[in-house]
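Quick note: the coordinates plus some simple rules give every number you see, no bench work behind them. Just so we're clear, the structure is a prediction, and the values are computed from it rather than from any experiment. All Cβ positions, glycine included, derive from the backbone under ideal geometry; neighbour counts span all protein chains shown.
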Amino acid sequence: MSSKLFTPLHIGPIEVPNRIAISPMCQYSAQDGTASDWHLQHVTRFGMSGAGLAVMEATGVEPIGRISPGCLGLYSDENEKALVRVLEMARKYALPGFKVGIQICHAGRKGSTPLAWDRSSPYQPPERGGWETIGPSALTFQDGIPPPREMRVEDIQRVIAAFAQAAERASRAGFDVIEIHAAHGYLIHQFHSPLSNKRDDEWGGDAERRLRFPLAVAEAVHAKVPSHVALGARITSTDFADDGLNVDDAVRLAGELKSRGVDYACVSSGNIIAGGRPATGPGFNIDRAAKVKAETSIVTRTVGYIAGPQMAEDAVASGKVDQVALGRAFLDDANWGWHAAEALGATLDPPPQFMRIKPGSWPGARDSRAMSAG
């Protein structure tokens with residue numbers, strides 16, 4: 001029986017060669033938002049991995065929109081120029097059909113953090129290269145972090161315009177996919193969730209007004225994305241809190257996004273409050289993502305501890321989702337796609353320089369049955 005995971009998928013105007021995506025993963029290796037040589041090798045490596053699509057890390061639409069001082073940005077000519085170089089190198093050695101996306105983001109109250117490997121403090125103050133954060137309401141994410149400055153209407157309009165400009169830059173740089181980050185507790189999610197948005201104006205309050213900012217961003221970005229580029233959004237399926245967002249909110253958001261020209265939804269969860277994504281086991285977002293797909297018919301991807309090829313295969317073969325995204329799995333094994341193909345009986349040829357490690361060609365080849373069970 002053939003593998004569904006290794007069949008092509010149409011996402012709006014593009015086609016990807018299989019249903020495997022590499023999830024955005026912050027690398028904390030940029031300088032003033034500009035990609036470095038680390039990003040050059042990082043994305044090039046993924047082009048040869050066997051995945052059909054890789055989405056670059058959360059990329060700030062303005063300097064204070066970055067998660068940390070080491071995060072990517074797309075707000076200057078230098079930022080844009082560096083990403084052109086990354087794309088050129090990634091495509092030079094990529095397997096046929098490989099596509100590259102970028103996730104545009106504003107961290108809001110979760111910005112100005114130290115680099116991930118610096119755990120001395122949860123906040124990077126301005127005197128150490130950080131900045132004052134902003135958010136829909138002056139509510140801190142966790143103890144030890146100053147509350148954000150509540151955004152004025154002019155701040156809201158500026159950030160919407162910044163998302164649009166970043167999308168324009170991403171399109172000009174040559175990305176195949178642009179993904180709006182509306183999850184994981186960052187600014188768009190902060191406006192959407194009642195846990196972080198306590199405004200009483202037209203940008204907060206009831207569910208309809210809390211959707212205004214996410215949809216305004218989507219409309220502004222869509223206006224700048226050319227017809228040959230796919231547009232998506234990462235959304236949350238639950239805040240893991242009684243008074244927070246739930247899967248029905250995700251269904252509504254996905255439907256509203258689809259009606260505004262968004263081609264796919266990547267369904268994730270949690271992180272709107274400290275400790276707000278409890279570990280719930282492999283594939284913990286799959287069933288909620290299935291509900292989003294079933295009720296909106298939008299192309300649906302999910303993410304969340306999908307480590308084994310058989311789990312990925314089952315998720316798409318069952319029709320629950322159209323695509324799966326993996327992050328840690330590809331950091332752990334840059335050739336995860338090749339090994340998944342072997343485990344599932346699919347054909348995926350590595351670059352010719354690596355032909356000497358084709359399945360069955362040397363004594364150290366992996367036991368595909370063991371990997372399939374993982």
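Numerical summary
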| quantity | calculated |
| --- | --- |
| Relative contact order computed over the stretch 1-87 (Cα-Cα under 8 Å; 6+ residues apart), in percent | 31 |
| FRET efficiency for residue 349 and residue 287, using Cβ-Cβ distance with R0 set to 45 Å, rounded to 0.05 | 0.85 |
| Neighbour net charge for residue 185 - beta-carbon separation under 14 angstrom, K R +1, D E -1 | +3 |
| Neighbour cut-off at most 13 other Cβ (10 Å), DSSP loop, GluC sites (Glu not before Pro), the stretch 106-205 | 132, 202 |
| Hypothetical label at residue 198: residues of the stretch 269-307 whose amide nitrogen lies under 20 Å (7 Å Cα-Cβ projection) | 271-276 |
| Fraction of antiparallel bridges per DSSP, the stretch 1-124 only, in percent to nearest 5 | 30 |
| At R0 = 22 Å, FRET efficiency that the Cβ-Cβ distance of residue 158 and residue 29 yields, to 0.05 | 0.20 |
| Charge-dipole axis of the chain as Lys and Arg at +1 and Asp and Glu at -1 on Cβ define it, positive-most pick from 79, 221, 145 | 79 |
| Order of 117, 131, 203, 338 under a 10 Å beta carbon neighbour criterion, fewest first | 117, 131, 203, 338 |
| Protection-proxy order for peptides 219-225, 135-141, 190-196, each taking the mean of Cβ atoms within 10 Å per residue, highest first | 190-196, 135-141, 219-225 |
| Residue exposure sequence - 71, 26, 105, 266 - by fewest surrounding Cβ within 10 Å | 26, 71, 266, 105 |
| Distant-in-sequence amide H partners of residue 149 (H built 1.01 Å from N, under 5 Å) | 133, 134, 135 |
| Dipole-positive endmost among 17, 131, 56 within the chain (Cβ charges, Cα centre) | 17 |
| Value of relative contact order over the stretch 268-374, rounded to a whole percent, pairs C-alpha under 8 Å and six or more apart | 22 |
| Counted charge near residue 7, where neighbours are those whose Cβ lies closer than 13 Å (Asp, Glu -1; Lys, Arg +1) | -1 |
| Lys, Arg +1 and Asp, Glu -1 on Cβ, resulting dipole of the stretch 9-372 about Cα centre, debye, nearest 20 | 640 |
| Spin-label pair residue 206/residue 246, simplified geometry with 7 Å Cα→Cβ offset, distance in nm | 1.9 |
| CD proxy at 222 nm, helix term only [per DSSP H run n ≥ 4: -39500 (n - 2.57); per residue of the chain; nearest 500] | -10000 deg cm²/dmol |
| Cross-link pairs 99/358; 224/258; 4/110; 99/258 - those with Cα-Cα distance over 28 Å | 4/110 |
| Kirkwood Rh (inverse of mean 1/r, distinct Cα pairs), the chain, angstrom | 20.7 |
| The stretch 271-374 - charge dipole about Cα centre, Lys and Arg +1 at Cβ, Asp and Glu -1, debye rounded to 20 | 160 |
| Among beta bridges that DSSP assigns inside the stretch 9-372, antiparallel share in %, nearest 5 | 10 |
| Under the Karplus curve 6.51 cos²θ - 1.76 cosθ + 1.60, θ = phi - 60°, whole-Hz ³J(HN,Hα) for the stretch 281-298, x wherever Gly or Pro sits | x, x, x, 5, 9, 4, 5, 5, 4, 4, 5, 4, 5, 4, 9, 10, 6, 6 |
| Charge dipole magnitude, Cβ of K and R +1, D and E -1 - the stretch 272-315, Cα centre, debye nearest 20 | 180 |
| Note, ³J(HN,Hα) from phi for the stretch 67-75, Karplus 6.51, -1.76, 1.60, rounded to Hz, x at Gly and Pro | 6, 9, x, x, 8, 5, x, 9, 10 |
| Mean Cα-pair separation over length for the chain, i.e. relative contact order, pairs under 8 Å, 6 or more apart, % | 16 |
